[in-house]
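Student: Structure incoming, see below.
The values are calculated or read from the model by the stated rules, or taken from the named source; none is laboratory data. The structure displayed is predicted, hence computed values, not measured ones. Virtual Cβ from ideal backbone geometry, glycine too; neighbours counted across all protein chains shown.
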Ligand SMILES: Cc1cc2nc3c(=O)[nH]c(=O)nc-3n(C[C@H](O)[C@H](O)[C@H](O)COP(=O)(O)OP(=O)(O)OC[C@H]3O[C@@H](n4cnc5c(N)ncnc54)[C@H](O)[C@@H]3O)c2cc1C
């Protein structure tokens, strides 16, 4: 609401997980929201993600952990309400050396050290935690429906200049697109590849982020299993290279041998919107603009926490 008690007119640009959750939070706060985007689900980077709750390739850690904690809580509520695409699964984070405590420990309600008999060969330590599993496209589609119910107008369209948009406040949720839209050279792609297979015969997730098979992760979902991947910093190559699917399957099979036998459905590239630090801030040069982009490999892990912060920043802009 504006100081005069009227709802503010807000345009949210971008319809990935960040734009959708931001538009949702702003509409729930009572604002009149238009969501404008060049692409919608299933044609966004967010659709490529598995997506499991895990803070990865996003900085700074203190802010990321706070956003991750509140996003975890939001997905707990969503799971209790049977929101489509939202469930919880056990995630096992594997290390090839002894580790004191997982760096993300403070963001989850509970975690445990894996037993020795749970660790694949090559691994000496591991941590298990129940975490949100968000089947990306199903959840994005659900959010679109919720935005409709909240009265958010959703319109297609590429934005060349944020200044051209008529609104009290513009919220920039363009992910990698922010590099050209704002001339922000700190935004760079972190290329990933995922192999989608038939359903896995087990229901927990495994990940090696920094060990001998990194980056390797297995995310079993209700109607497929996602095997990943890579984190090619600075690469914007959208084609799948010939050896990549075999390489991913080989490395993931070292986490769980059963994945080597799963039939492959699809191999997909996604460009994570990397940035030296996630940008959630009011624009210092334009008092109509608030930014929310650069979430790297953690968009689903931090989305609701970032959206809540944007609601506060917008309130500061319209007083
Ligand atoms: C392979 C892979 C696996 C991943 N796994 C996970 C995971 O397990 N867990 C997790 O938390 N995260 C994961 N991620 C990261 C996550 O997908 C991203 O952090 C997230 O998708 C970023 O969301 P976003 O909404 O900012 O960007 P996007 O989904 O890219 O959305 C950006 C939107 O902005 C629009 N746009 C851009 N420029 C303009 C413009 N000028 N005008 C109008 N519209 C514009 C686009 O059309 C799009 O709709 C993964 C990513 C990849 C690639």
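Student: Given 131, 152, which one is modelled with pLDDT of 95 or more and over 23 Å from residue 32 (Cβ atoms)? Lay out the reasoning, then the answer.
Tutor: Numbers: 152 fails: over 23 Å from residue 32 (Cβ atoms).
Going through 131, 152 in turn, just one is modelled with pLDDT of 95 or more and over 23 Å from residue 32 (Cβ atoms): 131.
Student: Another question, then. For the stretch 177-186, does any single residue satisfy the condition of being under 19 Å from the mean Cα position of the chain (by Cα), at pLDDT 95 or above and not in a helix (DSSP H, G or I)?
Tutor: Step one: list which residues in the stretch 177-186 are under 19 Å from the mean Cα position of the chain (by Cα), which gives 177-179, 186.
With the extra rule that they be at pLDDT 95 or above, the set shrinks to 177-179, 186.
Adding the requirement that they be not in a helix (DSSP H, G or I) leaves 186.
Yes, the stretch 177-186 contains a residue that is under 19 Å from the mean Cα position of the chain (by Cα), at pLDDT 95 or above and not in a helix (DSSP H, G or I).
Student: Looking at (1) closer than 30 Å to residue 257 by Cβ; (2) touching a residue at least 24 places away in the same chain (Cβ under 8 Å), which one does residue 167 not meet, given that it meets all the others?
Tutor: (1)
Student: Keeping to the stretch 173-184, report how many residues are in contact with a helix residue (DSSP H, G or I) (Cβ under 7 Å, 6 or more places away or on another chain) and more than 9 Å from the ligand (Cβ to nearest atom).
Tutor: Qualifying residue count for the region: 1.
Student: Continuing with this model, one more query. Which residue out of 48, 64, 77 is buried (at least 21 other Cβ atoms within 10 Å of the Cβ), more than 9 Å from the ligand (Cβ to nearest atom) and modelled with pLDDT of 95 or more?
Tutor: Working: 48 fails: more than 9 Å from the ligand (Cβ to nearest atom); 77 fails: buried (at least 21 other Cβ atoms within 10 Å of the Cβ).
Being buried (at least 21 other Cβ atoms within 10 Å of the Cβ), more than 9 Å from the ligand (Cβ to nearest atom) and modelled with pLDDT of 95 or more holds for just one of 48, 64, 77, which is 64.
Student: Let me ask something else. I'm trying to understand the selection: among the residues of the stretch 26-41, which are within 21 Å of residue 83 (Cβ to Cβ) and either crowded, with 24+ Cβ neighbours inside 10 Å or within 11 Å of the ligand (Cβ to nearest atom) (or both)? Break it down into steps so the answer makes sense when it comes.
Tutor: Going through the stretch 26-41, the residues within 21 Å of residue 83 (Cβ to Cβ) turn out to be 26-29, 33, 35, 40-41.
Within the stretch 26-41, 26, 33, 35, 40, 41 qualify.
Student: In addition: Looking at (1) crowded, with 17+ Cβ neighbours inside 10 Å; (2) touching a strand residue (DSSP E or B) at 6+ places or on another chain (Cβ under 7 Å), which is the only condition residue 88 fails?
Tutor: It fails just one condition, (1).
Student: What are the residues in the stretch 39-66 that are touching a strand residue (DSSP E or B) at 6+ places or on another chain (Cβ under 6 Å) and farther than 14 Å from residue 272 by Cα, if any?
Tutor: Residues satisfying the conditions are 52, 53.
Student: Also: Between a residue in the stretch 244-261 that is at negative phi and touching a residue at least 60 places away in the same chain (Cβ under 8 Å) and any residue that is part of a helix (DSSP H, G or I) and buried (at least 20 other Cβ atoms within 10 Å of the Cβ), which pairs come within a Cβ distance under 6 Å, given they are 6 or more apart or on different chains?
Tutor: Partner pairs satisfying both residue conditions: 259/252.
Student: Can you name the strands (runs of 3 or more DSSP E) wholly within the stretch 31-134 that have at least 3 residues being more than 24 Å from residue 294 (Cβ to Cβ), in contact (Cβ under 8 Å) with a residue 12 or more places away in the chain and out of contact with any helix residue (DSSP H, G or I) (no Cβ under 8 Å at 6 or more places or on another chain)? Break it down stepwise before answering.
Tutor: Values: elements: 32-37, 86-95, 125-134.
So the answer is 86-95, 125-134.
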